Amino acid sequence: MAYILDHVLLWREGKTKPASILIEADRFRMIRSQLDRFHCMKVNLEDYVMTGGQVMLDSCTEEDQSFASFKEHMKNNVLGRGCTCFISIIPVNRSKEIAVKTAKRRQILINAPADHYLALKCPIKSLTPSFIYEAKKQQISLIFAELNNESVYQSFTWPWLRDALYLHPVTFIPFWNHREPNPKLDRQWSAFMGRTGIPVLPHSIHPLQPLKIADLRTLGIDPEKGRVRLNGDADYNLFTKNTLSDSVETKPHLDYDNHIPTISIQRGRVLKAGQAVFFKPGFGEEKHIVIRSSYSSPLSLI
């Protein structure tokens with residue numbers, strides 16, 4: 001059934017504009033300033049600010065986790081925060097473990113209530129061409145490199161991976177083995193890796209916090225997830241205006257760390273409404289990054 005989200009304030013990368021959005025077959029079919037000529041059910045959302053569904057990193061799921069524990073974690077830390085898609089990290093130490101551990105994780109995520117991407121996490125010394133080949137065999141395009149300090153990746157022979165990456169594009173993300181964020185280490189990583197020509201995210205990702213569109217673009221997840229776009233999945237969050245700012249229309253302020261959406265929708269289904277969170281096992285689908293984002297810089301072969 002087709003319906004219209006009418007008079008909503010659409011939030012896009014720090015800016016807002018009034019919009020009316022036609023949803024049909026759980027996809028955004030039309031986004032206009034007004035859709036008065038359409039005769040179908042309309043939902044008046046003039047009291048809400050709308051964003052795309054949030055994408056987060058989930059590093060808490062474990063292979064031996066019970067269903068009850070998994071459900072509680074998903075409801076409290078993922079769905080309850082407005083997350084409609086998450087990245088699930090699989091820790092491995094060598095390429096021979098990838099197939100087995102990936103199969104175990106997929107078995108757990110059969111019950112996932114939200115869409116998800118798989119990512120590997122390994123010590124940087126484990127990165128080899130065979131590791132890249134095995135990751136791509138499992139349709140995984142995101143690898144978190146475990147780091148203790150800057151000397152670990154600066155001494156690594158990155159040119160060794162270039163041939164493998166040319167045919168099997170992968171994006172590397174720094175994963176510092178300490179809890180406190182360290183912007184200085186991120187800047188050093190970004191500056192050094194920029195000279196290697198290897199596809200990387202220029203900084204680490206904090207678990208259970210919404211990823212910015214720029215980061216989703218670099219990872220190749222945008223435009224499939226994370227934004228409201230024409231013919232995209234009907235994943236979106238609604239925030240009540242009075243919880244954001246007294247003057248949201250003139251000076252919007254949306255802080256994902258402090259603001260929790262009032263309503264979360266994934267492919268037309270309600271995940272969260274007020275304080276109620278709805279867990280539907282198996283509703284989530286595994287998503288794949290076929291190639292790296294066209295917005296990102298190409299791999300240097302020099």
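Specify the residue that is nearest to the chain's Cα centre (by Cα); the eligible residues are those in the stretch 102-126 that are under 22 Å from Ala164 (Cα atoms) and touching a residue at least 40 places away in the same chain (Cβ under 8 Å).
Tyr117
Any residue at all in the stretch 103-114 that is touching a helix residue (DSSP H, G or I) at 6+ places or on another chain (Cβ under 6 Å) and surrounded by 16 or more Cβ atoms within 10 Å (Cβ to Cβ)?
yes
Every residue, every condition in (1) buried (at least 17 other Cβ atoms within 10 Å of the Cβ); (2) in contact with a Cys (Cβ under 8 Å, 6 or more places away or on another chain), yes or no:
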| residue | (1), (2) |
| --- | --- |
| Tyr48 | yes, no |
| Gly52 | yes, no |
| Met56 | yes, yes |
| Glu72 | no, no |
| Ala99 | no, no |
| His116 | yes, yes |
| Leu120 | yes, no |
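FYI, it's all coordinate maths here, none of it is from the lab. Since this is a predicted model, take the numbers as computed values, not measurements. Because the Cβ atoms are built from the backbone with ideal geometry, glycine has one as well, and the counts that use them run over all protein chains shown.
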